[in-house]
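First comes the structure, then the notes that go with it.
The values are calculated or read from the model by the stated rules, or taken from the named source; none is laboratory data. Because the structure is a prediction, the values reported are computed rather than measured. Virtual Cβ from ideal backbone geometry, glycine too; neighbours counted across all protein chains shown.
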Amino acid sequence: MKIFHSINDFQVSTNGTVKKTILTLGTFDGVHFGHKKILEKLTQNTENGKFESVVLTFFPHPRMVLQEDSDIKLLNTIDEKIELLEAIGIENLVIHPFDESFSRLTADEFVQNVLIDQFHIHKIIIGHDHRFGRNRTANIDDLIAFGKQYDFEVEEISAQEIKEVSVSSTKIRNALIEGNVALANEYLGYNYSLTGTIIKGKQLGRTIGFPTANLKIKENFKLIPQNGVYIVKSTFGSKTVFGMMNIGFNPTVEGKIQTIEINYFDFNEDLYDQKITVSILERIRSEVKFESVTLLKEQIEKDKIAALTYFDNN
């Protein structure tokens, strides 16, 4: 998959001839089952390479730019989204920097300067409720009219498919906020994950026999599941390692900041400063404040048994 970090950088040609494109656009946060149904329309419309499939997405998320008080949390970082889209078979991904200047493009400017001049579109696949142009004044009827004017096709994504995407995204976010990772994974079609760098923590886990890797996530917009203990796995090279993860404030030892700590089973390699991905499989329990570190250790031992039982059964 070719990746372009601006609309202006995009270009596709064969033997000096510019190829036309089949394009869709959106945030595609989560790249879940509903999104995949839409994105597969791209790969099915390329007519064996006659046209190039293009996904146009934006970063920052438009709400981060247009709503100053927005505290939106996203399911995917840019790197995660790239990996998921590539797996679907998208040929070209354009991640355009969204800013106020871009939001002020009129519908005519967007069609002429972006769709026609830059993407040379043959077809655009778009939702029935899509609005575009300055102040979102143009709708799909306007786009169809532009299509007739500039000779490109408009394929409308049905209301039912759009509803599926919207409902799924909402259910995924709500499930994660409630700690129901199993349900979120079902809607996603893959395991929700967290990616970050391992940093040094207080190293309390070492003193009670459960050394942990402390995960620092760079992207503050990434949605973190509800505090609690989770069953997880990670891949290091060709080896898949299982373990359990605690998200929370460590109330037993009067912790003040939220941390993400992973205890891997049968694994003792040095992970400091390494970037790792943690796939979250299931939730064991909520975070609890214990009356002593001894009671905390006893509960962690029970958590480990629960995790190992899960792996034995799955």
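Only strands (runs of 3 or more DSSP E) wholly contained in the range 213-255 count here; list those with 3 or more residues that are surrounded by fewer than 20 Cβ atoms within 10 Å (Cβ to Cβ).
In the range 213-255, 228-236, 239-248 are the strands (runs of 3 or more DSSP E) which contain 3 or more residues that are surrounded by fewer than 20 Cβ atoms within 10 Å (Cβ to Cβ).
Consider ASN180 against the criteria (1) more than 24 Å from GLU164 (Cα to Cα); (2) at pLDDT 95 or above: it satisfies all of them except one. Which criterion is unmet?
(1)
Please determine whether any residue of the range 288-304 is within 16 Å of PRO211 (Cα to Cα) and either assigned to a loop (DSSP other than H, G, I, E, B) or not assigned by TED's automatic domain parsing to the domain that holds ALA213 (or both).
no
Could you tell me whether any residue of the range 249-257 is of a type outside the set (Phe, Trp, Tyr) and either within 23 Å of the chain's Cα centre (by Cα) or modelled with pLDDT of 90 or more (or both)?
no
Within the range 93-100, can one find any residue that is within 18 Å of GLU52 (Cβ to Cβ), assigned by TED's automatic domain parsing to the domain that holds LEU42, touching a residue at least 60 places away in the same chain (Cβ under 8 Å) and part of a helix (DSSP H, G or I)?
Looking for residues that are within 18 Å of GLU52 (Cβ to Cβ), assigned by TED's automatic domain parsing to the domain that holds LEU42, touching a residue at least 60 places away in the same chain (Cβ under 8 Å) and part of a helix (DSSP H, G or I), one finds none in the range 93-100, hence no.
What is the number of the single condition among (1) among the basic types (Lys, Arg); (2) touching a helix residue (DSSP H, G or I) at 6+ places or on another chain (Cβ under 6 Å); (3) free of Cβ contacts under 8 Å to residues at least 24 places away in the same chain that LYS256 does not meet?
It is condition (2) that LYS256 fails.
Would you confirm, using the coordinates I've provided, whether LEU194 is hydrophobic (A, V, I, L, M, F, W, C) and closer than 12 Å to GLU261 by Cβ?
In short, yes.
Of everything in the range 195-210 that's within 15 Å of VAL293 (Cβ to Cβ), part of a loop (DSSP other than H, G, I, E, B) and not charged (D, E, K, R), which residue is modelled with the lowest pLDDT?
Applying the filter and picking the extreme gives GLN203.
Report yes if some residue within the range 251-259 is under 22 Å from LEU308 (Cβ atoms) and of a type outside the set (Lys, Arg); otherwise report no.
no
Could you check, for the range 61-80, whether at least one of its residues is more than 15 Å from the chain's Cα centre (by Cα), among the small types (Gly, Ala, Ser) and either farther than 27 Å from SER101 by Cβ or not assigned by TED's automatic domain parsing to the domain that holds THR24 (or both)?
Within the range 61-80, the subset more than 15 Å from the chain's Cα centre (by Cα) is 62-71.
This time we only want the ones that are among the small types (Gly, Ala, Ser), so: 70.
Then drop every residue that is not either farther than 27 Å from SER101 by Cβ or not assigned by TED's automatic domain parsing to the domain that holds THR24 (or both), which leaves none.
Scanning the range 61-80, I find no residue that is more than 15 Å from the chain's Cα centre (by Cα), among the small types (Gly, Ala, Ser) and either farther than 27 Å from SER101 by Cβ or not assigned by TED's automatic domain parsing to the domain that holds THR24 (or both), so the answer is no.
Tally the residues that are within 13 Å of the chain's Cα centre (by Cα), buried (at least 19 other Cβ atoms within 10 Å of the Cβ) and outside any helix (DSSP H, G or I), restricting the search to the range 164-192.
The qualifying residues number 1.
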